[in-house]
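The values are calculated or read from the model by the stated rules, or taken from the named source; none is laboratory data. Keep in mind that what you see is a predicted model, and the values were worked out from it rather than measured. FYI the Cβ positions are ideal-geometry reconstructions off the backbone, even for glycines, and counts take in every protein chain you see.
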Amino acid sequence: MGILTTRGSQNPPKLLVVFWGMVMGGIALVMLLLGSESALQGLQSLVIITAVPFAIIVLLLIIAWLRELSTDPRTLREKYADTALRNAIVTGVDKYDDDFELQVVPSAPGTGAGADVESTHADYTDWYRRTDEDGRPVGYGFETDTWADGWEPENAGDGTGGANAAPTDSDDTTAGDGGNGTRRGQS
């Protein structure tokens, strides 16, 4: 109550905190001394009635949070990886029983292991795009390791990249390259 009466101050005056503590304690004491069992039941009903709208808001927040998590970039990438691997294994078992190995090779559009998922869709790519002042995406050349507008991160030379460094992660290497870090599109 002290924070509320001082309009959000995180350190309300001690006298104010003591005042509100005594007021709240006094209200509880008066209700206990003067009220019968029905007074406490009325208070319980009031608390339950006032809590119902807040509970509905919390449930709506939970639903919104779960919907947001379903479009999270990590969730989408994991869904894509699961779909691609599942499709590759099913195809391998169908064609070769259990005598097959997985390789990463180009395939015809719509026939690859991840054919069910559009990996270039904005849900997968927009979250890591760097934009210019007008909000337009700025391209990145993976072959030349440069941004299309010539921008370089402040600490580009120290190997850590910057807050807006080129989009790279452990998934940005070609599978089966022996760990040499070859980027997609390079051979």
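Taking the range 77-100 only, how many residues are under 15 Å from residue 112 (Cα atoms) and among the aromatic types (Phe, Trp, Tyr)?
1
Just checking, which of 168, 144, 131 is assigned by TED's automatic domain parsing to the domain that holds residue 106, at pLDDT below 80 and of a type in the set (Ser, Thr, Tyr)?
Working: 144 fails: at pLDDT below 80; 131 fails: at pLDDT below 80.
When all the criteria are applied, what remains is 168.
When you scan the range 65-86, do you find a residue that is out of contact with any Asp or Glu (no Cβ under 8 Å at 6 or more places or on another chain), within 30 Å of residue 107 (Cβ to Cβ) and of a type in the set (S, T, N, Q), even just one?
Checked the range 65-86: at least one residue is out of contact with any Asp or Glu (no Cβ under 8 Å at 6 or more places or on another chain), within 30 Å of residue 107 (Cβ to Cβ) and of a type in the set (S, T, N, Q).
Would you pick out the residues in the range 64-85 that are modelled with pLDDT of 85 or more and surrounded by 13 or more Cβ atoms within 10 Å (Cβ to Cβ)?
Correct list: 85 only.
Among the candidates 38, 45, which residue alone is outside the structural domain of residue 121 (by TED's automatic domain parsing) and modelled with pLDDT under 80?
After ruling out the rest, the residue left standing is 38.
Can you name the residue in the range 86-103 that is assigned to a loop (DSSP other than H, G, I, E, B) and loosely packed, with under 10 Cβ neighbours inside 10 Å and is also modelled with the lowest pLDDT among such residues?
Only one residue fits best here, namely 103.
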